[in-house]
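Below: one structure, written as structure tokens.
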Amino acid sequence: MMKENGNGSIDHGSIERLSAARNKILDQLGQVIVGQTDVVEQLLISIFSRGHCLLEGVPGLAKTLMISTLAKTLDLTFSRIQFTPDLMPADITGTEIIEENRSSGQRERRFLEGPVFSNVILADEINRTPPKTQAAMLEAMQERQVTVGRVRHPLADPFFVLATQNPIEQEGTYPLPEAQQDRFMFKVFVEYPSFDEEFAIARRTTVSGEPDIVPVMTGEEIVQLQNSVLNVPVGDHLVRYALSLVRQTRVGHEGVPEYVSELMQWGAGPRAVQNLLIGAKARALLHGRTHVATEDIQALAKPVLRHRIVLSFAAESDGVTPDDVIQRLIDDTPEREDELLNDARFKKIFAS
């Protein structure tokens, strides 16, 4: 269990136990999921940072199985919501009903909780439901409560939403606007498995037998970890480094590279910096460190920024992806503090 010293720092023994718990989680998931180590790590970081994930991948890559197994491994409740064009907000949040009290004969209002009242929510194909229903889901994510009539109903804690999008079929869909995508901490890509991984999948899933998933962490321990993540120290240099990556995406600002102005229409806002730093703290803890390093920020730059920047039409026509631009920014941003502070271009960014 995570513990803190009286001065707000984190106990090293607890860090070791947390790092061991991470390895146990990966071992448990490995009984069901082959590969996808980076995806699983980003999901864990998001959970421990109180964030939500937007997952994108073609059908058949075990996204639902991955999330349901993760919920079992963490001893959390799980709900899957299949988003369709006829899904209404009440189908997600719940509704009030009037029922008769058999003992008194009086009619009373009672709230029936919807599937959003779980720890882990899989919002499957969220781009297939109208904006009204999308907004209800996003409101629950942001406020962590549901308001029905005049009564507010708090959601479970911990609370984690994983929304999936199918990148293949876009006909008859309602793509999430950029402002709503910003509510998600990460946008995670699920890629095709390698040959060896797909070979293992074929062998494992075509025989009898069910894996025995054992919970390795309780919901209470996860909440304690979420509270402890904020106590991980981050040096001023790393804050400047994160700010440098994000502020370079803002077209028209001082110090922004020329290729950004050519390839992008819009950049990331302050929430990107917040998610980048909090996610870096959680990643440091999961890797057994009590402090954030540059590698933590670099590892999370793409999942944090890829859904928060808007490319120009010319860039999309040339096959440029958000990840391409983000990688160029990482390559062009000095890691060392003295180099970053003395660079003429970044001096303009810090002064703007």
Problem set entry | Within the stretch 287-297, tally of residues that are farther than 14 Å from LEU243 by Cβ and surrounded by fewer than 23 Cβ atoms within 10 Å (Cβ to Cβ) | 7
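Residue by residue, here is whether (1) surrounded by 15 or more Cβ atoms within 10 Å (Cβ to Cβ); (2) under 20 Å from the mean Cα position of the chain (by Cα); (3) touching a residue at least 40 places away in the same chain (Cβ under 8 Å) holds:
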residue: ALA179; (1), (2), (3): no, yes, no
residue: ASP182; (1), (2), (3): yes, yes, yes
residue: PHE189; (1), (2), (3): yes, yes, yes
residue: SER208; (1), (2), (3): no, no, no
residue: VAL214; (1), (2), (3): no, no, yes
residue: MET217; (1), (2), (3): yes, yes, yes
residue: ILE222; (1), (2), (3): yes, yes, yes
residue: LEU230; (1), (2), (3): no, yes, yes
Exercise. Within the stretch 251-272, can one find any residue that is outside the structural domain of ILE47 (by TED's automatic domain parsing), assigned to a loop (DSSP other than H, G, I, E, B) and without any contact (Cβ under 8 Å) to a residue 40 or more places away in the chain?
Worked result: yes
For this session: Please note which strands (runs of 3 or more DSSP E) are completely contained in the stretch 47-116 and include at least 1 residues that are free of Cβ contacts under 8 Å to residues at least 60 places away in the same chain and either surrounded by 21 or more Cβ atoms within 10 Å (Cβ to Cβ) or assigned by TED's automatic domain parsing to the domain that holds LEU176 (or both).
Result: 78-82, 94-100, 107-113
Exercise. Do we have any residue at all in the stretch 148-158 that's surrounded by 21 or more Cβ atoms within 10 Å (Cβ to Cβ) and out of contact with any Asp or Glu (no Cβ under 8 Å at 6 or more places or on another chain)?
Worked result: no
Problem set entry | Residue among ASP38, ASP27 that alone is within 30 Å of VAL232 (Cβ to Cβ), at pLDDT 85 or above, surrounded by fewer than 16 Cβ atoms within 10 Å (Cβ to Cβ) and not assigned by TED's automatic domain parsing to the domain that holds LYS281 | ASP38
Problem set entry | Candidates VAL246, VAL273, VAL292, VAL310, filtered to the one that is among the β-branched types (Val, Ile, Thr), more than 24 Å from LEU55 (Cβ to Cβ) and within 25 Å of the chain's Cα centre (by Cα) | VAL292
Seminar exercise, completed: Reported set for the stretch 279-307 where residues are without any contact (Cβ under 8 Å) to a residue 60 or more places away in the chain, in contact with a Phe, Trp or Tyr (Cβ under 7 Å, 6 or more places away or on another chain) and aliphatic (A, V, I, L, M) is ILE297
For this session: Determine if the stretch 164-179 includes at least one residue that is touching a strand residue (DSSP E or B) at 6+ places or on another chain (Cβ under 8 Å), within 22 Å of LEU76 (Cβ to Cβ) and not in a loop (DSSP other than H, G, I, E, B).
Result: yes
Exercise. Quick one: how many residues across the stretch 22-44 are within 20 Å of TYR192 (Cα to Cα) and assigned to a helix (DSSP H, G or I)?
Worked result: 10
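The values are calculated or read from the model by the stated rules, or taken from the named source; none is laboratory data. Values in this document were obtained by computation on a predicted structure and should not be read as measured data. Positions of Cβ are backbone-derived with ideal geometry, glycine not excepted, and every protein chain shown enters the neighbour counts.
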